[in-house]
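Read through the structure below, which is laid out as structure tokens, and then see the notes.
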Amino acid sequence: MGEFFRVLTDNGQLFVDGFTNTVKLFLIAAVGSLVLGTLLGAMRVSPVPALRAFGATYVNLVRNTPLTLVFAFLVFAVPKLDVNIDYFPSAAIALTVYTSAFVCEVIRSGVNTVAAGQAEAARALGMTFGQVLTLIVLPQALRAMVPPMMSVYIAMLKNTTIAAGFSVLEAGAIPAYMAERGEPQFAVLLWITIGFLILILPLVALQRFLERKWRVAR
Amino acid sequence: MTTGEPLIVLDAVNKWFGPLHVLDDVSLSVGRGEVVVVIGPSGSGKSTLCRAINRLEPINSGTITFDGQPLPAEGKALARLRSEVGMVFQSFNLFAHKTILENVTLGPVKVRREKPAAARERGLALLDRVGIANQADKFPAQLSGGQQQRAAIARALAMQPKAMLFDEPTSALDPEMVGEVLDVMTSLARDGMTMVVVTHEMGFARHAANRVIFMADGKLVEDASPAEFFANPRSERAKDFLSKILTH
Ligand SMILES: Nc1ncnc2c1ncn2[C@@H]1O[C@H](COP(=O)(O)OP(=O)(O)OP(=O)(O)O)[C@@H](O)[C@H]1O
Ligand SMILES: [Mg+2]
């Protein structure tokens, strides 16, 4: 047991650095994919066929590509076009691009839970598409969107570990460093698991809070 | 009753849903202050006609003019037109996440950019007019069907529309609540509102309408005063239809 705690205390800085980058990657990609995913979701329910087609193509293309390939594309292929970006921003963009497709689908399915008559009545009052979406449809869709959205974000938190394969020092990169230092792998992996569990707790709490806040009166 | 140029004019309007010809060369004009009741068998195109007037349903050919202007195809101009035409649906469609008063003030504040205080004052007056002022702070699901439909009428009136469209406003109501909604509509008609009303309430058609339109298979088959239509329907379709609904 002493040995188990020693693994953590002897390598504290590495754990702190790794998980700090994990949290940073997560937060940047969470905000990015919420914005991009909402825009894509709006496209998919818009009355303009070209926008709907664009949204559908994006989702089908990105959702069916392994995340590792999205990373590889951004980290290796894009710099070949003389665009110089660092590993960390590349990883953040890759996660954002990938997760947006899933956020888009959560938004679209949430919108579909709202009765068509709601949007129709709003249009009949003279509301624009943006007003119909933001004032009438999305507020009623939020409640249905919370659980699947949280699943998307928990999956994304775990997906940050793929960045380790692309030279980003995040939690997923810790085992390789620890192996070099000759630390026992089992203890290291257990600590990383505990780290992720701790990071997921606030997400679960947020889900509870939002579900309660947006409980619909029926 | 009717003064000056008509408010709503449909000229040779055609509409298809795939192979189905739902509006077949429909021409109709509705004068200012006129109340037109639309009747006809199920699937004859009554709802589609009603929804074409504020372009919730686009048409394939012909023209529709509202207040002297052809209906705009899209964008801000279409939104403005819709704000001038009130619409009441069979299933009420009150905004489920807003209180009754918010339902009534949302359009004026967000679409017309009115001051919230002014919109609130007029909203409360309208709720009072339709007899549900005491329900202002409740959510739609807490009201009876009749109260919800009266709230929906108040919501449409809050935009100070030039015309009101009703698509079977009492069909989803329990029988004991039909009267309270028809009373509100009758008083609107008496106050000179231009109305197009799809309904099976023959009492309302007889007493409040200036004209009755009978539709069948997407065609406008008859267009007559209520007295004339009910006493002497000219077409077989109308005679057949009336015999079915008037016997019970
Ligand atoms: N969005 C749609 N897509 C395809 N067909 C439709 C659509 N809306 C209506 N229809 C069809 O068009 C025809 C006319 O429909 P409409 O709703 O205007 O009839 P209605 O006279 O209002 O009938 P009801 O008395 O049952 O309400 C019907 O056959 C209907 O099935
Ligand atoms: Mg209908």
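The values are calculated or read from the model by the stated rules, or taken from the named source; none is laboratory data. Values in this document were obtained by computation on a predicted structure and should not be read as measured data. Note that we place each Cβ from the backbone using ideal geometry, even for glycine, and neighbour counts take in every protein chain shown.
Considering only region B:169-185, state which residues are free of Cβ contacts under 8 Å to residues at least 40 places away in the same chain and in a helix (DSSP H, G or I). The answer is B:Pro175, B:Glu176, B:Met177, B:Val178, B:Gly179, B:Val181, B:Leu182, B:Asp183, B:Met185. In region A:143-155 there is at least one residue that is without any contact (Cβ under 8 Å) to a residue 40 or more places away in the chain and either within 14 Å of chain B (Cβ to nearest Cβ) or in contact with a helix residue (DSSP H, G or I) (Cβ under 8 Å, 6 or more places away or on another chain) (or both). Only one entry of A:Thr134, A:Thr96 meets the criterion of being among the β-branched types (Val, Ile, Thr) and within 14 Å of chain B (Cβ to nearest Cβ), and that entry is A:Thr134. With respect to B:Phe95, determine if the residue is more than 16 Å from ligand 1 (Cβ to nearest atom), on the phi < 0 side of the Ramachandran plot and at pLDDT 95 or above. Here the answer is yes, as B:Phe95 does meet what is asked.
Screening region B:1-59 for residues that are more than 14 Å from chain A (Cβ to nearest Cβ) and among the polar types (S, T, N, Q) and picking the one that is farthest from ligand 1 (Cβ to nearest atom) gives B:Thr3. Within the set B:Asp240, B:Asp174, B:Asp223, B:Asp167, the sole residue that is closer than 30 Å to B:Thr99 by Cβ, charged (D, E, K, R), surrounded by fewer than 23 Cβ atoms within 10 Å (Cβ to Cβ) and over 17 Å from the mean Cα position of the chain (by Cα) turns out to be B:Asp174. All but one of (1) more than 10 Å from chain A (Cβ to nearest Cβ); (2) buried (at least 18 other Cβ atoms within 10 Å of the Cβ) hold for B:Val88; state the number of the condition that does not hold. Here B:Val88 meets the rest and fails (1). Checking each residue in region B:1-35 for being under 19 Å from B:Ser235 (Cα atoms) and either surrounded by fewer than 20 Cβ atoms within 10 Å (Cβ to Cβ) or within 16 Å of ligand 2 (Cβ to nearest atom) (or both) picks out B:Leu23, B:Asp24, B:Asp25, B:Val26, B:Ser27.
Rundown of residues vs (1) part of a helix (DSSP H, G or I); (2) at pLDDT 90 or above; (3) of a type in the set (Ser, Thr, Tyr), yes/no style:
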position	(1), (2), (3)
A:Gln131	yes, yes, no
A:Ala164	yes, no, no
A:Ala179	yes, no, no
A:Leu189	yes, yes, no
A:Ala217	no, no, no
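B:Ala156 fails exactly one of the following numbered conditions: (1) in contact with a Gly (Cβ under 6 Å, 6 or more places away or on another chain); (2) more than 16 Å from ligand 1 (Cβ to nearest atom); (3) away from every other protein chain (no Cβ under 12 Å). What is the number of that condition? Condition (3) is where B:Ala156 drops out. The sole residue among A:Pro139, A:Pro47, A:Pro79 that is within 14 Å of another protein chain (Cβ to nearest Cβ) and in a helix (DSSP H, G or I) is A:Pro139.
Scanning region A:156-180 for residues that are of a type outside the set (D, E, K, R) and without any contact (Cβ under 8 Å) to a residue 60 or more places away in the chain turns up A:Ala164, A:Pro175, A:Ala176, A:Ala179.
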